[in-house]
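Following: one structure in structure tokens, then a few remarks.
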Amino acid sequence: MSARSIFGTVQNVSVILRDLEDAGMRIEVGDDFALYRYYRSTCVDRGDMSPLFDTACSFIDATNGFWICGFNELDQLVHTQAVRLLDLPGISLGKHLDMHRHKYIVPDTTPDPDLTFFQGPEALKTVTGSVGYCGDFWLPSHGLGGPRSHGATSLLSRLLFEILQQAWAPDYVFAFVPRHLAAKGAHLRYGYTHCEPGAWIGPDKQITNEEYLIWMNASDIKGVLSRDVQSIRKAAHVAAMRAPLTSIDSTG
């Protein structure tokens with residue numbers, strides 16, 4: 001990594017952290033997943049965390065994972081996301097998901113996880129090598145971090161990509177999003193350039209859960225990181241400038 005590239009990352013991360021701090025969110029980045037599990041346990045209104053990030057189910061430490069948490073001014077958890085590095089030399093993502101499907105299947109969505117497989121996306125055949133899996137992304141729908149349309153989602157995703165690229169420079173990165181979020185363009189807010197429909201197929205060939213595979217290759221990641229950081233303040237300013245026009249249009 002060149003000095004110029006490192007300096008660019010420092011600048012981008014500084015802008016992101018300052019923007020989030022101005023909005024009232026303190027960011028913590030770590031690789032102690034026992035601590036992450038503790039932080040995650042304070043979210044009483046959320047489901048269980050992914051087995052891929054849970055030290056009780058998987059081996060994950062500084063060598064193959066890190067997490068980002070956000071806290072409000074009362075030191076309450078208001079954001080989580082994590083990434084795990086998968087070493088898939090000569091193994092396709094599709095094959096990996098077949099072998100480790102139990103760790104990716106959303107609990108209670110299929111009558112038999114042993115006979116349920118993810119199908120659909122063409123990328124399942126081509127994604128291989130050093131692969132980052134991003135998951136457990138969460139922001140509350142109200143309060144700090146929401147409304148999400150004001151740019152917090154994009155900023156937080158960008159922060160993860162900046163760190164991910166410096167730490168590992170993976171060949172690919174991917175995540176899953178539910179169908180209803182994909183239909184609303186969630187992959188664009190997360191910063192991904194590819195989005196393919198997929199589904200978990202159960203023992204009787206039935207669709208047990210529809211999830212879209214969102215992904216990028218190394219070139220895509222570099223392209224995303226070459227763009228200017230879009231700040232929350234700028235988004236809020238644009239929204240404020242548009243508000244009078246919306247009001248006029250709505251009244252005729």
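Each reported figure results from applying straightforward, stated rules to the coordinates on display, with no laboratory input. Computed from a prediction, not measured in an experiment: that's the story for all the values here. Every residue, glycine among them, receives a Cβ derived from its backbone with ideal geometry; neighbour counts consider all protein chains shown.
Given only helices, namely DSSP H runs of n ≥ 4 each adding -39500 (n - 2.57), what is the per-residue ellipticity at 222 nm of the chain, to the nearest 500 deg cm²/dmol? Before the final figure, lay out each step's value.
Details: 9 runs with 93 residues, N = 252.
About -11000 deg cm²/dmol.
About its Cα centre, how strong a charge dipole does segment 40-99 have in debye, to the nearest 20, once Lys and Arg get +1 and Asp and Glu get -1 at the Cβ?
About 180 debye.
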Using Cα pairs closer than 8 Å and at least 6 residues apart in sequence, work out the relative contact order for segment 37-150, in percent. 28 percent
Rounded, prolate or oblate: which fits segment 58-116, taking a ≥ b ≥ c as square roots of the Cα gyration tensor eigenvalues, rounded meaning a/c under 1.5, else prolate when a/b beats b/c? oblate
Contour minus Cα-Cα span, I207 to A183, at 0.36 nm per residue, comes to 6.9 nm
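What shape does segment 2-123 have by the C-alpha gyration tensor, where a ≥ b ≥ c are the square roots of the eigenvalues, rounded means a/c under 1.5, and otherwise prolate means a/b greater than b/c and oblate the rest? Don't skip to the answer; put the middle values down first.
On the way: a/c = 2.31, a/b = 1.42, b/c = 1.62.
Because a/c hits 1.5 or more and a/b fails to exceed b/c, segment 2-123 counts as oblate.
What does the extension gain come out to for T193 and D32, with contour length at 0.36 nm per residue minus their alpha carbon separation?
Values: separation 161, 0.36 × 161 = 57.96 nm, distance 2.99 nm.
Contour length minus Cα-Cα distance gives 55.0 nm.
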Placed amide H near I91: partners under 5 Å, 5+ positions off or other chain: G129
Quick check: Cα centre of segment 85-105 to Cα centre of segment 35-68, how many Å? 19 Å
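Is segment 86-206 best put as rounded, prolate or oblate by its Cα gyration tensor, with a ≥ b ≥ c the root eigenvalues, rounded for a/c under 1.5, and otherwise prolate when a/b is larger than b/c, oblate when not?
Working: a/c = 2.14, a/b = 1.29, b/c = 1.66.
It is oblate, given that a/c is not under 1.5 and a/b is not larger than b/c.
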Under 5 Å between amide hydrogens, which residues at least 5 positions from H79 or on another chain qualify, with H placed 1.01 Å from N in the peptide plane? G70
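Under a Cβ-only charge scheme (Lys and Arg +1, Asp and Glu -1), can you give me the dipole magnitude of segment 1-85 about the Cα centre, in debye to the nearest 20?
Details: 7 positive and 12 negative charges, 57 e Å.
Using only the charged Cβ atoms, the result is roughly 280 debye.
Sequence gap at least 6, Cα distance under 8 Å: using those rules, report the relative contact order of the chain to the nearest whole percent.
Details: 396 pairs, mean separation 46.3, N = 252.
Over the chain, the number comes to 18 percent.
To the nearest 20 debye, what charge dipole does the chain have about its Cα centre, counting +1 at the Cβ of each Lys and Arg and -1 at the Cβ of each Asp and Glu? Could the numbers behind the result be given before it?
Details: 22 positive and 28 negative charges, 146 e Å.
Charge dipole, the chain, about its Cα centre: 700 debye, nearest 20.
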